[in-house]
1. Checking residue 333 against (1) free of Cβ contacts under 8 Å to residues at least 60 places away in the same chain; (2) surrounded by fewer than 16 Cβ atoms within 10 Å (Cβ to Cβ); (3) of a type outside the set (S, T, N, Q), which test does it fail?
2. Please work out if residue 328 is among the β-branched types (Val, Ile, Thr) and in contact (Cβ under 8 Å) with a residue 60 or more places away in the chain.
3. Restricting attention to segment 180-200, which residues are assigned to a helix (DSSP H, G or I) and aliphatic (A, V, I, L, M)?
4. Within segment 160-179, is even one residue closer than 28 Å to residue 256 by Cβ, among the acidic types (Asp, Glu) and outside any helix (DSSP H, G or I)?
5. Does segment 318-330 contain any residue that is surrounded by fewer than 16 Cβ atoms within 10 Å (Cβ to Cβ) and in contact with a strand residue (DSSP E or B) (Cβ under 6 Å, 6 or more places away or on another chain)?
6. Check 329, 347 and return the single one that is in a strand (DSSP E or B), among the aromatic types (Phe, Trp, Tyr) and in the same structural domain as residue 394 (by TED's automatic domain parsing).
7. Among the residues of segment 368-394, what is the count of those that are surrounded by fewer than 19 Cβ atoms within 10 Å (Cβ to Cβ), not in a loop (DSSP other than H, G, I, E, B) and not acidic (Asp, Glu)?
8. Assuming residue 402 fulfils every condition listed in (1) under 17 Å from residue 279 (Cβ atoms); (2) outside any helix (DSSP H, G or I) apart from one, which condition is it?
Amino acid sequence: MIRILVANDNAADVEPWLQELKRAQFAVFAEVAQTPDSFVEGLGTRSYDVVLGFNSMRDWTGLQMLESFRQQNQDIPFLLIVNEIDEPAVDGFIRNGATDCVDRNRPARLPVAVAIALEQRTTRAEQNRVETELRHSEAHYRALAENPAYGICRIDLDGRFLDVNEALVKMLGYASREELMAANLAEDIIRDPLERAQLFDPYRETGSIHGIEMEWKRKDGTPMKARLSGRGVGSEKEAPEGCQIIAEDVTAQRASEDHFRHLAATDALTGLANYRKLAETLDAEIERSKRTGRSFAVLAFDLNGLKKINDSHGHLAGNQALCRLARVFRFSCRSIDTAARCGGDEFAIVLPETGAKEAELAGRRICECLANDQEEPPLSVSFGVGVYPEDGPSVGALLQTADRALYKMKRQ
C-alpha cells in the first residue's frame, strides 16, 4: 500500500495514472489536491509515500509546486508529470527538488519511477540511520578515550600493544605512549600466569571480555587492581586478530571496600574481631570440620574485676585494661586463630585444628602473659574451653559449654 498525494486541477486526468500503478501490483490510496492551498494543507496534515504533480495545471506551474513542496521540508519522493521530456527543463525541475520526471505520453513508466523513488528513499533512510549511529558511536568512543578514568588499549594475540590512550599511560605510570607501547601487556603488566590465562583464554575463544578483575603491575612495580572489558578486533568469520580493552583502575575503590568490610567485622576499641566476625568464623570452622573430620576449639574469656577497675580508676583505665588484654591475645595467637571481643568484658578465641588439651594450655599461657605484663592495675582473666564436635553440634552449644567452664573457673 502506498499513499499518494496528487496535485492536479482535473481529477479525471488522474485515474489513468493510478490504473497504471494498480496494474503493476501497487495497492494505491490517493488524494487529489486541486488547488495550491489544498496541496499545502495535505502535506502539512497527512503522511504520504509519494507526491505526484502535474505540470499542466492552469494557474500553477511545476516550479511553483516544487517551491511549495520545498517549504514544507518533506522527505518524500516528488514525481513530476511533464508534457514532454525536455532535458534543460527536466534538469531545472530536478535541481528544484523533483525526484524524477515522467513524460505525460508514457504513463507506463510511472510504476518504475515510483518503485525507484521509494527504493531510494528507503536506502537514504537506512544510510541516515547508520550515519547517525556511527556519529553516536564515534562520540561515545571519543568521550570514553578522553575520559581520564578509563584506560583503552588495543593488543594483538601475543599481548603486544597496537594502540593506547593517554589515560592508560598515566594509569600505569609510563612517561609516554611510545614507552608503554614498547612494553608487553602479557609479560610486563600481567605477571601472574593464572591471571594472564584468565584474560587471554576467554578472549581467544569468544573474542570478548566481560567484567574481569585482576592485578596489573605499574611501571614502578606497584600493584593496580584493574576491571577489564573488551571485545575482539578482526573479521567476524575468523578468530579475532586482536582485542580492544577498556581498563578501569579500581584499586582505591577495592581498598575502600576492604577497609569498610574490616570496620564492619572489627571491634572499634580493641581492634579485635567483633561478635559478628566471631559467629562467621565459627560457622566456617564447623563446615570445615564436617569436611575434614578434624576438631577445633573455642576459648571464652572474661576479664576479672572490670567493674572494680572502672569504679576505682575510671572508665579510661577500664578501656585501657581491655586493650591490654587484646594486645596479649594478638601476641599469643597463631596467624590462623581468630581473637574476638564479644562485648563488654567478654572475649573469645577460635583455635582451628586444636583439641581440648592444647586449648587448655593456650588459655593458661594467656593468663600468665597477662599476669606478667608489669602494668597497673594488675589484670587477670577466667577462661573456659569448648571443642567441636565433642562439646556441641552448633555455635550456640559450643559457646555455652565454654561459658560454663569459664564461670566454673571464675567461682574457683
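1. If we test residue 333 against (1) free of Cβ contacts under 8 Å to residues at least 60 places away in the same chain; (2) surrounded by fewer than 16 Cβ atoms within 10 Å (Cβ to Cβ); (3) of a type outside the set (S, T, N, Q), just (2) comes out false.
2. Values: among the β-branched types (Val, Ile, Thr): yes; in contact (Cβ under 8 Å) with a residue 60 or more places away in the chain: no.
In short, no.
3. Let us first name the residues in segment 180-200 that are assigned to a helix (DSSP H, G or I), namely 180-181, 185-189, 193-200.
Result: 180, 181, 185, 186, 189, 194, 197, 199.
4. Taking segment 160-179 first, the residues closer than 28 Å to residue 256 by Cβ are 164-174.
Next, from what is left, pick out any that are among the acidic types (Asp, Glu): 166.
From what's left, outside any helix (DSSP H, G or I): none.
No, every residue in segment 160-179 fails to be closer than 28 Å to residue 256 by Cβ, among the acidic types (Asp, Glu) and outside any helix (DSSP H, G or I).
5. no
6. Working: 329 fails: in a strand (DSSP E or B).
Only one candidate qualifies: 347.
7. Step one: filter segment 368-394 for residues surrounded by fewer than 19 Cβ atoms within 10 Å (Cβ to Cβ), giving 368-369, 371-378, 380, 389-390, 392-394.
This time we only want the ones that are not in a loop (DSSP other than H, G, I, E, B), so: 368-369, 371.
Applying the additional criterion that residues be not acidic (Asp, Glu) yields 369, 371.
Number satisfying all stated conditions: 2.
8. It is condition (2) that residue 402 fails.
The values are calculated or read from the model by the stated rules, or taken from the named source; none is laboratory data. Quantities reported herein were computed from a predicted structural model and do not represent experimental measurements. Neighbour counts run over all protein chains shown; Cβ positions are idealised from the backbone, glycine included.
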